[in-house]
Amino acid sequence: MEHRLHKKNMALLAALQGVLAPVALSIPAVAAAQQVASREDSPISVPPGDLAETLRRIGEASGHSVTYDPDAVKGMMSPGVKKAHSLRAAILEAVRGHDLAIRVEDDGSFVIFQPIAAGPSDIIVTAQRDEAETNYRVNKTTTSDRSGGTLRSLPQNTAVVSDKLMRDQQAQSVTEALRNVAGVASFANNGTGLTSATVRGFEVTPLRNGTGPTASGGNPSAGIEPTANIERIEVLKGPAAILAGQSNIGGTINVVTKKPTADPLLVLSGEYQSRDSFKGTIDASNALVPSKVLSARIVAEVQGADRSYGGSIGRKEKFLSPSLRYKKSGSDFTIGLTTSEQREAIPFWTIINTVPDSATPVGGLISRDRYVVGRKSASISANSTRLYGDFTQAVTPWLDLVARGEHYTQTVDQIPINVIDTLDYGKLLAFNSHALDKTRGDSVDGYGRFQFSTFGIKHTLVTGYNYTRTNIRHFDAPSTMVEVDFLDPTATIAEPEPVLPNPSYIIGFRENAVYAQELLEYGPVHLSLGIRRTWFVSTAFLDGFGDTEPAKAVSTVPAFGLVVDLSPSVSVFGNYSKGYIPTTEVSFTGEKLPDIRSTNKEIGVKADLFDKRASLVVSLFDTRQNNLLIPDPAHPGYAISIIGGRRARGIDGTLTGQLLRGLNANLTYSYTKYDYANASAAAAAGSVYIPGQPAHKYNAFLSYDPQNAFVGGAIGLSGYSRTYAQVGLPGYRIPGGSQVDGNVYFKKGGARLNIGVKNLLDKRLYQATSNPLFVPIADGRTITATLSYRFF
């Protein structure tokens, strides 16, 4: 076994060497790259003199474009620039005292001109559409990094699913969009309709705009954000406790919503999908004042479906999101409100047979036609309201203050099919239940970002405070045990009773944290350091038992990362990071079980390709837990801790962007080996397999959509290898599968028609699960037609 593992590791290293081979050819360019990087990172100093000459020398010293209106600066003198640490700071210092305006262009260059009305040295920075709304490749981070750098400067494997990619694919949900990310898996939780996402086999923290209460692993409503309001989805692979706090073992999924733009935008779209599903969307934005410093945006959507693929009730949705943005000079303030009502049916499903001498072999999936099992009303509904804000203010050329936060309320109504046992072939025992969760939460993250230089080293220092609070009130209806005839299309079960007026339990979570991060840059070397100290408190009220003793925990989590630029287009990186989940459970003997921690080690390469229109990221990783909590087989209702938890090792890579004029691509692949670090102890406790995690996962999407062509098209292929359906013996498995999708685009003026077919071959695709008595089945062939018109 050791010999085989060694050979696999050697194979992975060989694969990485193959990726790095082109890098070796570019080594002669490293010296030139270092000179460019040194010029960009060095403080800018220019003596007093003619303003036009000063601006020219600033551009020359920084390596960036600085243009100006000669008539506007004619005869003006500049006080000079002394050790400015950024191009922006240098220009502000150079024009100090003059009535000039400065505009930042899309490419990051600066234009100096005489404004119609402006204060001295105002920078006119108008809000524009984010690059994620127009490109597959995204260069800049938004709220998933506090240093303000680019994705290439982050010392970890980070993937971005852009709004442009989701629109081309006609993605209907966050879960569907995450198919584009290597190493991310989604699987169903029993029959509730809820799904969970993992990164490299471990728990993740879902955030929205970089914030989110951490109950149940993060912002509970981030995953149900309509794609019409999503600018991008950022996936940080590996623990990111410095950013996201606890419940962060495998990574972070950050949903970034759309922001107002000062450029006029009005897009109306209508969509029809198989099974009589209709959707209408409006996306409108514009400046509210002539100076364009104040803008607003509104995104609204209404959807209704007659039925689901499995024959139960169809999806319904109402969504409204107005937002307001003030952007000028060093100020960028956004506030917004979202309100939504959603209903989603549980997916079409089957079970793994466990009864011998039946029509289906033991361990086989029972094949059935599409009909409703139990009742059509089995679904999950969610109503939510969210008020949020994001504020950035440049106080001085070397200090930015940033604050973001949100307050949200959410009600989730679950009418599931909870199968708990098999009575006979096709005869199931289930809970006829009904549950309601009312959640309220607040989150605030504020920090200062300092930029300065010492001895030729450029520093970006971030220090801040993070606070989150979540309260969940859970209501249950009286539940009964019912027999479900799985193979009888006419069999029904009664509707569940309404939930009781008093909560079954109330749980609360609160986190206070302080953190510090520093990015040190010297030429081509970028070193990241971070540390976070978190104080965690949880409370609980149980109906019939009253309040329990508050549980408290304290954790200190470090992170280290290194990026080295080998050339202007290629970098190598490595990181060492920690994740943390505090536990409140006790063993049968009354002892508190140890907290769960994870460690991630990773090395990789990042490259900008095709004249920086595309990017490549490939990395080798090793993520492991220090311990694992599992049910105590000897004492039901209690848990035990296994020292040495799960481990995931593998490789993943992503190529995304424009390969040729009009040809865009998003290509991903990941291989992950999952096991238990202490396999014998895990097996003795009944944990042998890691369910719901495919070893191989791939996705390829190619679209050809020239700007001025009348017709374009796209083809997609995604797939995954087989997975285990349970942690213990006998190790039932779900087969792997692959799906082919296709799209045809027609464009004329502002009109665009996107006709897509998902699961083109109409294959029956069984999806990952952790319960052999609930195996979701993906929708069959589905046709979607989206007609949109952009007025401006």
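So which of Ser718, Ser770, Ser738, Ser788 ends up being under 23 Å from Pro361 (Cβ atoms) and either among the small types (Gly, Ala, Ser) or free of Cβ contacts under 8 Å to residues at least 24 places away in the same chain (or both)? Before you say what the answer is, go through the steps one by one.
Details: Ser718 fails: under 23 Å from Pro361 (Cβ atoms); Ser738 fails: under 23 Å from Pro361 (Cβ atoms); Ser788 fails: under 23 Å from Pro361 (Cβ atoms).
Just a single option satisfies the conditions, and that option is Ser770.
Based on what the data block shows, is Lys318 within 26 Å of the chain's Cα centre (by Cα), part of a strand (DSSP E or B) and over 28 Å from Thr786 (Cα atoms)? Spell out how you get there, then give the answer.
Working: within 26 Å of the chain's Cα centre (by Cα): yes; part of a strand (DSSP E or B): yes; over 28 Å from Thr786 (Cα atoms): no.
Judged against the criteria, Lys318 is not a match.
Output the residues belonging to region 365-387 that are under 32 Å from the mean Cα position of the chain (by Cα) and β-branched (Val, Ile, Thr).
Ile380, Thr385
Might you check whether a residue that is within 30 Å of Ser703 (Cβ to Cβ) and of a type outside the set (Val, Ile, Thr) occurs anywhere in region 621-630?
Checking region 621-630: at least one residue is within 30 Å of Ser703 (Cβ to Cβ) and of a type outside the set (Val, Ile, Thr).
Counting just the residues of region 123-156 that are at pLDDT 80 or above and over 25 Å from His459 (Cβ atoms), which one comes out surrounded by the fewest Cβ atoms within 10 Å (Cβ to Cβ)?
Top of the filtered list is Thr134.
Failed condition for Leu527, given (1) assigned to a strand (DSSP E or B); (2) farther than 30 Å from Val617 by Cβ, with all others met?
(2)
Name the residues in region 619-650 that are more than 17 Å from Gly686 (Cβ to Cβ) and either crowded, with 22+ Cβ neighbours inside 10 Å or charged (D, E, K, R) (or both), would you? Write out each step before concluding.
Narrowing region 619-650 to residues more than 17 Å from Gly686 (Cβ to Cβ): 619-626, 647-650.
Residues satisfying the conditions are Ser619, Phe621, Asp622, Thr623, Arg624, Gln625, Arg647, Ala648, Arg649, Gly650.
Hey, Ser274 hits all of (1) farther than 30 Å from Ala403 by Cα; (2) polar (S, T, N, Q); (3) within 26 Å of the chain's Cα centre (by Cα) but one; which does it fall short on?
Just one mismatch for Ser274, condition (3).
Can you list residue pairs whose Cβ atoms sit under 7 Å apart, with the first residue in region 745-762 being of a type in the set (Val, Ile, Thr) and the second being assigned to a strand (DSSP E or B)? Count only pairs 6 or more apart in sequence or on different chains.
Matching pairs, first to second residue: Ile755/Asn743; Ile755/Val744; Ile755/Ala785; Val757/Asp741; Val757/Gly742; Val757/Ile783.
When you scan region 224-244, do you find a residue that is outside the structural domain of Gly446 (by TED's automatic domain parsing), at pLDDT below 85, touching a Pro at 6+ places or on another chain (Cβ under 8 Å) and closer than 30 Å to Tyr467 by Cα, even just one?
No, because not a single residue in region 224-244 is outside the structural domain of Gly446 (by TED's automatic domain parsing), at pLDDT below 85, touching a Pro at 6+ places or on another chain (Cβ under 8 Å) and closer than 30 Å to Tyr467 by Cα.
Just checking, which of Gly75, Gly97 is over 23 Å from Ser331 (Cβ atoms) and in a loop (DSSP other than H, G, I, E, B)?
Numbers: Gly97 fails: over 23 Å from Ser331 (Cβ atoms).
Going through Gly75, Gly97 in turn, just one is over 23 Å from Ser331 (Cβ atoms) and in a loop (DSSP other than H, G, I, E, B): Gly75.
Would you be able to tell me the number of residues in region 541-567 that are in contact (Cβ under 8 Å) with a residue 40 or more places away in the chain and touching an Asp or Glu at 6+ places or on another chain (Cβ under 8 Å)?
2
Looking for something of a type in the set (Lys, Arg), exposed (fewer than 14 other Cβ atoms within 10 Å of the Cβ) and at pLDDT 80 or above - is there at least one such residue anywhere in region 64-82?
As a first pass, look at region 64-82 and keep what is of a type in the set (Lys, Arg): 74, 82.
Of the ones still in play, those that are also exposed (fewer than 14 other Cβ atoms within 10 Å of the Cβ) are 74, 82.
From what is left, the residues that are at pLDDT 80 or above are 82.
Yes - at least one qualifying residue is present in region 64-82.
Go through region 714-761 and give me each residue that's surrounded by fewer than 21 Cβ atoms within 10 Å (Cβ to Cβ), among the hydrophobic types (A, V, I, L, M, F, W, C) and not in a strand (DSSP E or B).
Of everything in region 714-761, those that are surrounded by fewer than 21 Cβ atoms within 10 Å (Cβ to Cβ), among the hydrophobic types (A, V, I, L, M, F, W, C) and not in a strand (DSSP E or B) turn out to be Val727, Leu729, Leu760, Leu761.
With the condition being modelled with pLDDT of 90 or more and buried (at least 17 other Cβ atoms within 10 Å of the Cβ), I'd like the strands (runs of 3 or more DSSP E) fully within region 377-433 carrying at least 3 qualifying residues. Talk me through it step by step, then tell me what you get.
Details: elements: 379-396, 399-415, 418-424, 427-432.
Because the criterion is at least 3 residues that are modelled with pLDDT of 90 or more and buried (at least 17 other Cβ atoms within 10 Å of the Cβ), the strands (runs of 3 or more DSSP E) in region 377-433 that meet it are 379-396, 399-415.
Could you tell me whether Ile420 is within 19 Å of Ile346 (Cβ to Cβ) and aliphatic (A, V, I, L, M)? Reasoning before the result, please.
Details: within 19 Å of Ile346 (Cβ to Cβ): yes; aliphatic (A, V, I, L, M): yes.
When the stated conditions are applied, Ile420 passes them.
Wholly within region 570-688, which strands (runs of 3 or more DSSP E) include no fewer than the required count, namely at least 2 residues that are at pLDDT 90 or above and under 27 Å from the mean Cα position of the chain (by Cα)? Before the answer, list the steps.
Working: elements: 570-581, 596-609, 614-625, 627-631, 639-643, 646-660, 663-676.
Counting at least 2 such residues, we get 570-581, 596-609, 614-625, 646-660, 663-676.
Would you mind stating whether Leu436 is buried (at least 20 other Cβ atoms within 10 Å of the Cβ), in contact (Cβ under 8 Å) with a residue 40 or more places away in the chain, more than 30 Å from Thr470 (Cβ to Cβ) and hydrophobic (A, V, I, L, M, F, W, C)? So that I can check it myself, show each step before the final result.
On the way: buried (at least 20 other Cβ atoms within 10 Å of the Cβ): yes; in contact (Cβ under 8 Å) with a residue 40 or more places away in the chain: yes; more than 30 Å from Thr470 (Cβ to Cβ): no; hydrophobic (A, V, I, L, M, F, W, C): yes.
So Leu436 fails the test.
The values are calculated or read from the model by the stated rules, or taken from the named source; none is laboratory data. All of these numbers come straight from a predicted model, not from anything done at the bench. Because the Cβ atoms are built from the backbone with ideal geometry, glycine has one as well, and the counts that use them run over all protein chains shown.
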